[in-house]
Structures are given as structure tokens and as C-alpha cells.
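What follows is a single structure, written as C-alpha cells, with notes after it.
The values are calculated or read from the model by the stated rules, or taken from the named source; none is laboratory data. Note that this is a predicted model, so its numbers are computed, not measured. Cβ coordinates were reconstructed from backbone atoms using ideal geometry, including for glycine residues, and neighbour counts include every protein chain displayed.
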Amino acid sequence: MAAVLTRKQAYFSPELFHFLIELRFNNRRDWFQANKPRYEALVRQPFLRFITDFAPCLEKISPDYAAGPQSLFRIQRDTRFSANKAPYKTHAAAQFRHRLGRDVHMPGFYIHLEPDNCFIGAGIWMPEPENLRRIRAAIARQDPRWLRLRRRLELDGEGKLTRPPRGYSADHPLIEDLKQRSFTVSYGLAEELVTSGELLPTVEKVFRELLPLNQFLSEVLLLPSEP
């Protein structure tokens, strides 16, 4: 009975979204420092509890992916090379990447919590040039694993090229896939679900369904799999 109650636990309250909306309109260091206890209570600590409880579920889905405190993205933005100097992100997010992944540009699972824009997904975001070349080469040869995936998954299309990438003909049967610069799939979440006890089982179910996408990408990039 205790295990069932744990799985149905609600981690976030509606106040999570209230805080993020306030941050959107008060994106300053003085405001954030004055409201940091709210950030800890409403955003960071609940997210860390979710990650801790989700780790055994992720291990069952695939031992190739890790969940821990490092999975939670920092709220601080890197403004060094951005014209937008707002110091804080106005969403909360976590990535469970492949154990050999050095950064976000490797296969992984993702959770994004933002007012009116909550979603979960999987895949690889903006891979480095050599990894992008490998993925496109596998798609171009019409790898059967990719064809099976595409029959049931719709790619997000973020950053998609308007013209064929160099070296590929515009009449290639998979040219729209080859134009992709990220290979991700995402599913939207209602805020009511995020704040309910159904969040963890929903994330587990969707990640399990999206695992074949990550497996394909990992195999193409020659990332070893746990036995």
C-alpha cells in the first residue's frame, strides 16, 4: 500500500505556476533573492523529490539513463552570449540523459514545466556536427529502425532547415527528416496533471513509449548499452 501511495503522490502545487508567472514579470536579482525561499519550496525541492522518486522507475525503463540532482537545470540563465540579459529562466526543467552524455546535446528524456507550456519528451536536441552527420546518414540510408519509429512518432521540428542540408537531394524520400537539426518528440501536459498524483506514472508511461527513439539514436552514435 505504501508503494502505491508513493506513486500517486502529488509533487507540485498550483503555486509553482504562480511563482513562475511572477518571475516572468520580476526577472531581477533583487526580486529573486527576496523570493528565493518560495523558489526552494515551490520549485526546486519538489522537483528534486520527484527526481528521487522517479529514479527507480527510470532504471526499470533503461539503465542507460541517469536521474539525480544533476538532472535538474539551474534556474540561472547563461547570458554571456545572449542579447536577453534577464538573469533567470521562467520555467523549470530536468533532463535524464544517457550516462555517457556530457551535456544536453545527447540522447535523453526531458521534463519542462512552464505556465501554459508543460511537456515531456525524448530524443536529442541540436546534436554536435559529427553526431548530426551520423544521424542523417542513418536516416538517408532508410534504416528500418527509423522507418518504424516515424510511422508512429511525429518529430517536433525545432530549428528545422528550410532547404536540404548539404549533400542531400531535395527529392530524397525522407528529405523532411533530413532537414531536422534536432530529433525530439514531445507530449504536452495539462497543468492540472502536473499538480496531481498522476504526474509520475504519466511520465513513466510516456518515457517507456519513447525509449525506442533514444535507443536508435544511441546505437547510431555508438553509445554502449547496459546489458
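Those strands (runs of 3 or more DSSP E) of the range 75-149 that lie entirely within it include none in which at least 3 residues are in contact with a Lys or Arg (Cβ under 6 Å, 6 or more places away or on another chain), among the acidic types (Asp, Glu) and modelled with pLDDT of 95 or more. When the helices (runs of 4 or more DSSP H) confined to the range 170-223 are screened for residues that are hydroxyl-bearing (Ser, Thr, Tyr) and either within 17 Å of the chain's Cα centre (by Cα) or surrounded by fewer than 20 Cβ atoms within 10 Å (Cβ to Cβ) (or both), those reaching at least 2 such residues are found at 199-220.
For residue 200, the conditions (1) touching a strand residue (DSSP E or B) at 6+ places or on another chain (Cβ under 7 Å); (2) closer than 30 Å to residue 11 by Cα are fulfilled apart from (1).
Yes/no per residue for (1) surrounded by fewer than 13 Cβ atoms within 10 Å (Cβ to Cβ); (2) more than 30 Å from residue 224 (Cα to Cα); (3) of a type outside the set (Val, Ile, Thr):
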position: 33; (1), (2), (3): yes, yes, yes
position: 37; (1), (2), (3): yes, yes, yes
position: 54; (1), (2), (3): no, no, yes
position: 69; (1), (2), (3): yes, no, yes
position: 80; (1), (2), (3): yes, yes, yes
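Within the range 58-67, being buried (at least 17 other Cβ atoms within 10 Å of the Cβ) and in a helix (DSSP H, G or I) holds for 58, 61. Testing residue 41 on (1) modelled with pLDDT of 95 or more; (2) under 27 Å from residue 123 (Cβ atoms), one condition comes back false. Which one is that? With respect to (1) modelled with pLDDT of 95 or more; (2) under 27 Å from residue 123 (Cβ atoms), residue 41 is out only on (2).
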